[in-house]
Amino acid sequence: MKRTVKLLLTGLGLALLAACAPKPPAVAQAPARQVAPLLSTPEAQDVHSYARPAEARVTNVDLDLAADFIRKQLSGTARLTVQAAAPDASLILDTRDLTIESVSDAAGRPLTWSLGKADAILGAPLTVQLGSARELLVRYHTSPEAAALQWLPPSQTAGKQHPYLFSQGEAILTRTWVPTQDSPGIRQTWSARITAPAELRVVMSAEQLTPEGEVLADGRAWRFVMDKPVAPYLIALAIGDLAFKPLGERTGVYTEPSRLEAAATELADVEAMVKAAESLYGPYRWGRYDLLVLPPSFPFGGMENPRLTFATPTVIAGDKSLVSLVAHELAHSWSGNLVTNATWSDFWLNEGFTTYFENRIMERVYGPADALMLADLGWDGLQAQIKSLGAKGLADTRLHIDLAGRDPDDGMTDIAYEKGAAFLRTIETAVGRQRWDEYLRSYFDRHAFAPQTTAGFLADLHEHLLAADPALEERLLTRAWAYDTGLPANAVAPRSSRLAAVDKLAAAFARQGAKAAPGAGQWTTAERVRFINRLPRKLPAARLAELDKLLGLAQQGNSEVRFAWLRLAVANHYAPAVPQLEAFLTSMGRRKFVLPLFADLMAQGTWGQPIAQRIYALARPGYHSVTVGSVDKIVPVTAAR
Ligand code: BES
Ligand code: ZN
């Protein structure tokens, strides 16, 4: 199968309601800081942006947008502050599906601009003749099809009363709602004023300046500021019937009122996670750490939007069994948001470091045995990913990947996550945890608020950790790790003894049935997932029925267990699971679950393909564009029957 969309094939994942709730906190912060007035030339060319930052570069974005839920449209202005190398420079912005109404300077004088030809992946460049202007005002509106935005009707929310809007910027979707230089190497401070219907609350990945909004004649206005320069893919917005509950001093959760209690209970350890992360790699630099638990169509497990992680509701399992997903998004506050992949070819610097760091947080908060099980499952995911990429996808088993002419999504596989994490684990093992941790902490300090390339990391590693020991550096094979395909020979595999025991039971169960797996009722989520994934892909129906009973799979609420089970059921054309499959695929739109299940069905010929088409017709209208874009490539679209 060609699909290599991030995370798809693996069980890695284990990764993860109060109208009178306390008011969201307003945190006083130092006044907005100026971005260093440097026209920095990125050392790596970003093939996914039209921007030419060496000529003219956006340093600040100030949005003033109104959300119109009837027209499914954001409209208003983006005020851009720019630096330019020459007096008559042209500024090139990224846009996709935006309608540009006018471009003027700060005094309102029109500037000359033109919109180039649109590319299906990159969108269209907006070129502005700056003249002497260093501040410009772009008046525009979004399309109802803006790929970053999902406008949900009330029926797709928990409360069923109010509409909802959320954005998803990574990798190159911010340009579908903000006309700016949409490259992760071009960091920008930003601020926003968003107006929305009075009954809805607006949240963003920034400091909330108006905890209750400002009442207007026809709605409420909400103001935000992000005074630290961030990559544009991290600008995020959500609007809905949201309530808030604090989790700790600087942590809290937003979600729909009916879901607030369950979310807060599930996420009770978040403050402890932040402390654990800080004790490993230095202070949390973003002020507050809040989470937004979204409606089920959110296409990812989580998205590390600064100060406000966006999370799938499938993380609320009822027993904290999927909270490693929160550890992951939190870890991005260092690896990703502080030190950021300079281009999408360096994506592993975001996700590999974060997967490694996530596991270290889990180890601190929940202990080594649990953390080791998760790491071991991640290793399984890596093997599965390498296998599924096969000979055709071999080039994409590199950490630094070639994405020229491709949608960055297509290169975002488990390789970045798990091979990246395995690389760092291998270095840790070679140099010892103490030295490695000291290095990593200093690395985050040295590169805070800056883009990083793969070559830049290797150079830093050499200079600050390995230079004194050339023999060790040689043995570590760092260049092979970064630039070669497959897995270097020195890769250190995490081995959990508890999962090794489960592996044995899985083999016995396949032969003898349930009597061979005593104690399965007490297993953790990790153990249950591993057990299912270790079973032979072909089992008799009676054995599947036994498995269903043994693990209570038909009533299963845990999304990771459900996912593992449904994949096995599809591989066996197990008819009793088809209604469960339909229920699962129409209840959430998380791509990591949705895409592999549809791919599995499509691979099952005349048994699976009609099922895939029937269920997709039902489910597709509820999915975000990110999920639709991926599934459309593999399932023929038909009207719902
Ligand atoms: N940053 C990613 C999500 C992402 C990746 C969005 C690529 C767009 C393009 C996020 O941190 C992530 O990795 N989420 C995972 C969960 C995690 C626990 C592995 C997911 O969504 O499954
Ligand atoms: Zn991530």
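The values are calculated or read from the model by the stated rules, or taken from the named source; none is laboratory data. Source: prediction; values computed, not measured. Backbone-built Cβ (ideal geometry, glycine too); neighbour counts: all protein chains shown. With ligands, DNA and RNA removed, areas are computed over all heavy atoms of the protein, side chains included. Shrake-Rupley method; radii C 1.70, N 1.55, O 1.52, S 1.80 Å.
If the condition is being aliphatic (A, V, I, L, M) and either open to solvent by 20 Å² or more (accessible area, probe 1.4 Å) or not in a helix (DSSP H, G or I) (or both), then segment 355-375 contributes Val365, Ala369, Leu372, Leu374.
Flag set for Ala317, criterion: on the phi < 0 side of the Ramachandran plot, more than 10 Å from ligand 1 (Cβ to nearest atom) and of a type outside the set (Lys, Arg). Every listed requirement among (1) in contact with a helix residue (DSSP H, G or I) (Cβ under 7 Å, 6 or more places away or on another chain); (2) over 29 Å from Gly456 (Cα atoms); (3) open to solvent by 30 Å² or more (accessible area, probe 1.4 Å) is met by Arg398 save one, (2).
Here Thr354 passes the criteria (1) out of contact with any strand residue (DSSP E or B) (no Cβ under 8 Å at 6 or more places or on another chain); (2) within 21 Å of Ala236 (Cβ to Cβ) except the one numbered (1).
Given the residues Arg591, Arg620, which is the only one that is surrounded by 14 or more Cβ atoms within 10 Å (Cβ to Cβ) and farther than 26 Å from Gly381 by Cβ?
Checking each option against the conditions leaves just Arg620.
Do we have Ser442 as farther than 30 Å from Leu291 by Cβ, open to solvent by less than 40 Å² (accessible area, probe 1.4 Å), in a helix (DSSP H, G or I) and more than 15 Å from ligand 1 (Cβ to nearest atom) here?
So Ser442 fails the test.
Failed condition for Glu278, given (1) under 22 Å from Asp460 (Cα atoms); (2) assigned to a helix (DSSP H, G or I); (3) open to solvent by less than 20 Å² (accessible area, probe 1.4 Å), with all others met? Single failed check for Glu278: (3). Scanning segment 320-349 for residues being surrounded by fewer than 24 Cβ atoms within 10 Å (Cβ to Cβ), more than 12 Å from the chain's Cα centre (by Cα) and near ligand 1 (Cβ under 9 Å from one of its atoms) gives a total of 0. A single entry from Arg562, Arg567, Arg479, Arg543 fulfils the requirement of being surrounded by fewer than 16 Cβ atoms within 10 Å (Cβ to Cβ) and assigned to a helix (DSSP H, G or I): Arg479. Kindly indicate whether any position in segment 220-233 is modelled with pLDDT of 95 or more, outside the structural domain of Asp68 (by TED's automatic domain parsing) and farther than 30 Å from Tyr443 by Cβ. No, there is no match, as no residue in segment 220-233 is modelled with pLDDT of 95 or more, outside the structural domain of Asp68 (by TED's automatic domain parsing) and farther than 30 Å from Tyr443 by Cβ. For segment 137-156, the set of residues classified as in a loop (DSSP other than H, G, I, E, B) and more than 21 Å from the chain's Cα centre (by Cα) consists of Thr142, Ser143, Pro144, Pro153, listed by residue number. Here Arg537 passes the criteria (1) open to solvent by 40 Å² or more (accessible area, probe 1.4 Å); (2) part of a helix (DSSP H, G or I); (3) at pLDDT 95 or above except the one numbered (2). Is segment 317-340 home to any residue that is aromatic (Phe, Trp, Tyr) and in a helix (DSSP H, G or I)? Checked against the condition, which is being aromatic (Phe, Trp, Tyr) and in a helix (DSSP H, G or I), segment 317-340 yields no hits at all.
Do you know which residues across segment 92-149 are open to solvent by 60 Å² or more (accessible area, probe 1.4 Å) and closer than 25 Å to Leu403 by Cβ? Asp97, Leu115, Lys117, Ala118, Asp119, Ala120, Glu145, listed by residue number.
Does Gly352 count as open to solvent by less than 30 Å² (accessible area, probe 1.4 Å), among the small types (Gly, Ala, Ser) and within 11 Å of ligand 1 (Cβ to nearest atom)? Judged against the criteria, Gly352 is a match.
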